[in-house]
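The values are calculated or read from the model by the stated rules, or taken from the named source; none is laboratory data. All values derive from a computational prediction rather than experimental measurement. Virtual Cβ from ideal backbone geometry, glycine too; neighbours counted across all protein chains shown.
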Amino acid sequence: MLDTCVECVIGVDTHKHSHTAAVVAAGTGAVLEISAVTADLDGYEMAVGLADAHCEPTGRAWSIEGTGSYGAGLCSFLQARGELVFELDRPSRPARRDGAKDDGLDAVRAARELLARDRCAIPRASGHHRDAMRLLLVTREGATKDRTRAINQLKAAVVTAPEPLRDRLRGLNGTTLIKRCAHLRHRTGEDAAERGTVDCLRRLAERIVSLNAEIDAHTTDLQALTEEHCPHLLAEVGIGPVVAAQVYIAWSHPGRCRNEAAFASLAGTAPIPASSGETTRYRLNRGGDRQLNRAIYTIVLSRSYRDPTTKAYIERSVANGKTRREARRCLQRYTARHLYRLLENHHPNT
């Protein structure tokens with residue numbers, strides 16, 4: 001338990017412009033002090049000064065909400081100073097009869113929940129290349145969603161277009177439709193509805209072309225970063241730069257996950273027992289990092305088409321009574337184990 005290792009825990013409730021820190025005694029859970037600080041370097045120094053007033057650096061731990069968002073700056077600052085920092089998901093907030101809510105109460109609850117837990121989550125390590133990968137992935141994901149939305153709008157606009165224009169685009173799908181719409185021009189004798197539709201279709205197609213170029217640029221940047229920092233992932237079958245970057249930033253650094261089972265739990269690939277009586281079964285794990293889970297699923301899906309060993313395993317599983325989906329779930333658990341060992345044993349540029 002953490003209360004046997006430290007003298008106090010500093011819980012932090014993070015916000016965009018300010019943070020609230022609460023110093024709690026590890027042995028008794030008593031609140032020693034609560035203070036609000038600004039979310040900048042001066043505020044971070046004040047938070048450390050608040051902790052120094054009650055315990056030594058070697059005898060304290062920090063419990064921070066939102067280490068990947070509002071608490072990212074404070075987390076990086078404390079890690080650079082060698083502080084013991086733990087990541088806390090949003091604590092449960094029991095309903096209060098009077099409806100009271102306070103940042104100080106949330107900070108105290110963050111500290112006490114950390115003390116009550118058997119396993120404490122270590123936040124992702126900060127680093128320029130990791131931050132670059134994360135931002136590239138987020139931006140690329142946003143561009144991909146925008147492209148999908150634009151393609152759907154384009155197809156819907158074609159369906160409801162005036163008949164003369166629909167005849168020009170009938171039977172075209174995918175890339176051909178986008179190219180044709182990007183080169184649409186007005187013709188003599190068009191009415192107002194047809195002219196407006198031509199303009200909208202062309203602009204939507206141009207937006208899709210621009211988003212394609214943006215996505216390709218992000219992928220190229222991710223390729224360069226992953227080749228430099230995790231080439232061992234790219235050498236695996238079914239892993240490209242986007243999947244490699246997602247796996248790498250989720251793993252973060254050696255020791256973040258205590259073993260391969262913890263990494264599988266983080267990835268949402270650890271099966272959950274759901275047996276009863278003479279029935280032995282496992283249900284799908286819907287927890288963990290869903291982006292990491294999607295990356296591992298992409299690896300398995302790619303290997304099921306390209307890798308002879310994976311194909312043979314799926315066929316054997318189907319012959320033994322499993323469905324293809326169940327076989328893929330087993331492969332996701334195996335892949336998580338393999339990736340964890342690969343990452344822990346090859347980290348020259350972390």
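Listed values, structure above:
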{"quantity": "Residues within the stretch 1-45 that are touching a Lys or Arg at 6+ places or on another chain (Cβ under 8 Å) and of a type outside the set (Gly, Ala, Ser), tallied", "calculated": "7"}
{"quantity": "Search result, residues across the stretch 158-194 that are of a type in the set (Val, Ile, Thr), free of Cβ contacts under 8 Å to residues at least 40 places away in the same chain and within 19 Å of GLU206 (Cβ to Cβ)", "calculated": "THR175, THR176, ILE178"}
{"quantity": "Residue in the stretch 322-342 that is at pLDDT below 95, at positive phi and part of a loop (DSSP other than H, G, I, E, B) present", "calculated": "no"}
{"quantity": "Condition broken by GLU65, with the remaining ones in (1) at pLDDT 90 or above; (2) buried (at least 18 other Cβ atoms within 10 Å of the Cβ) satisfied", "calculated": "(1)"}
{"quantity": "Matching residues, the stretch 10-31, being modelled with pLDDT of 90 or more, among the hydrophobic types (A, V, I, L, M, F, W, C) and surrounded by 16 or more Cβ atoms within 10 Å (Cβ to Cβ)", "calculated": "ILE10, VAL12, ALA21, ALA22, VAL23, VAL24, ALA25, VAL31"}
{"quantity": "Residue in the stretch 220-234 that is in a helix (DSSP H, G or I), modelled with pLDDT of 95 or more, more than 26 Å from SER126 (Cβ to Cβ) and not small (Gly, Ala, Ser) present", "calculated": "no"}
{"quantity": "Residue within the stretch 270-286 that is farther than 14 Å from THR335 by Cβ, in contact with a helix residue (DSSP H, G or I) (Cβ under 7 Å, 6 or more places away or on another chain), among the acidic types (Asp, Glu) and outside any helix (DSSP H, G or I) present", "calculated": "no"}
{"quantity": "Residue list for the stretch 203-220, filter: within 19 Å of the chain's Cα centre (by Cα) and surrounded by fewer than 18 Cβ atoms within 10 Å (Cβ to Cβ)", "calculated": "THR219"}
{"quantity": "ASN293, sole failed condition from (1) farther than 27 Å from HIS128 by Cα; (2) of a type in the set (S, T, N, Q); (3) free of Cβ contacts under 8 Å to residues at least 60 places away in the same chain", "calculated": "(1)"}
{"quantity": "Where a residue in the stretch 246-259 is within 20 Å of THR298 (Cβ to Cβ) and touching a residue at least 24 places away in the same chain (Cβ under 8 Å) and its partner, wherever it lies, is small (Gly, Ala, Ser) and not in a loop (DSSP other than H, G, I, E, B), with Cβ under 8 Å and at least six apart", "calculated": "GLN246/ALA295; VAL247/ALA295; ALA250/ALA295"}
{"quantity": "Selection count where residues are among the small types (Gly, Ala, Ser) and within 13 Å of ALA111 (Cα to Cα), scope the stretch 1-50", "calculated": "8"}
{"quantity": "Residues of the stretch 249-268 satisfying the condition of being crowded, with 20+ Cβ neighbours inside 10 Å and under 16 Å from LEU84 (Cα atoms)", "calculated": "CYS257"}
{"quantity": "Only listed residue being hydrophobic (A, V, I, L, M, F, W, C) and without any contact (Cβ under 8 Å) to a residue 40 or more places away in the chain, chosen from LEU78, LEU50", "calculated": "LEU78"}
{"quantity": "Exclusive hit being outside any loop (DSSP other than H, G, I, E, B), modelled with pLDDT of 90 or more, within 28 Å of VAL247 (Cβ to Cβ) and touching a Leu at 6+ places or on another chain (Cβ under 9 Å), set ARG180, ARG140, ARG149, ARG134", "calculated": "ARG140"}
